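One structure is given below, encoded as structure tokens.
Taken together, the values in this text are just the output of simple stated rules run on the coordinates, not laboratory data. Nothing here was measured: the structure is a model prediction, and the numbers come from that model. Heads up, the Cβs are rebuilt from the backbone with ideal geometry, glycines too, and the neighbour counts pull from every protein chain shown.
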Amino acid sequence: MLAVVSLVSTANARLGETESECNQRYGTPKRAAEIIPGCPTNVYSYRGYRIQIAFLGFNGPALKIIFQKTPGPFLKDDEIEAMLRANVPDGMKWRVRESEVSRNADPVSRIGAAFVLSSMGARGWIRDDGATAELGLNKADLTLALPAAATLEQRANNEAEAKRKAAIPEF
């Protein structure tokens, strides 16, 4: 857990803020289903947006944030830009990032994958400190995450896979 905490940025941005700071910024939360296994998650209703935030422990830093417009149907470019701008510490910036699909595909498939993903609205960014932002298909949601979120999610996936394998009977 200490190794994960060391990966968390505490700069002046919404990612990395404590639960108390998020409550002060967005209002009284409701508890929600965990978006990162083992991390308490709050959901806020804030000025026409639904904001889910996963925290590292009690009053720990915000590791992952999911923004959705309510009632929707999608986020517009100026709203996405405002969310990204609010989550960048001084001296850092967001850069456009290739999707996993297009990065791993052969050159011909890359073009097709990029076209399909962009036509559906999917886009991604990476911040100088490794934080990521992913715009969901059809621009329905924007997910921002610190690198520690991916570490915790991978650890949970590995544990779940180990349990699954251990539960396979000897036939």
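Quote the FRET efficiency, to the nearest 0.05, computed for residue 33 versus residue 160 with a Förster distance R0 of 22 Å and r equal to the Cβ-Cβ distance.
For residue 33 and residue 160, the calculated efficiency is 0.85.
For residue 139, go through the lysines and keep the ones whose alpha-carbon is under 26 Å away, minus same-chain ones fewer than eight residues off.
By straight Cα distance, residue 139 reaches 30, 64, 69, 76, 93.
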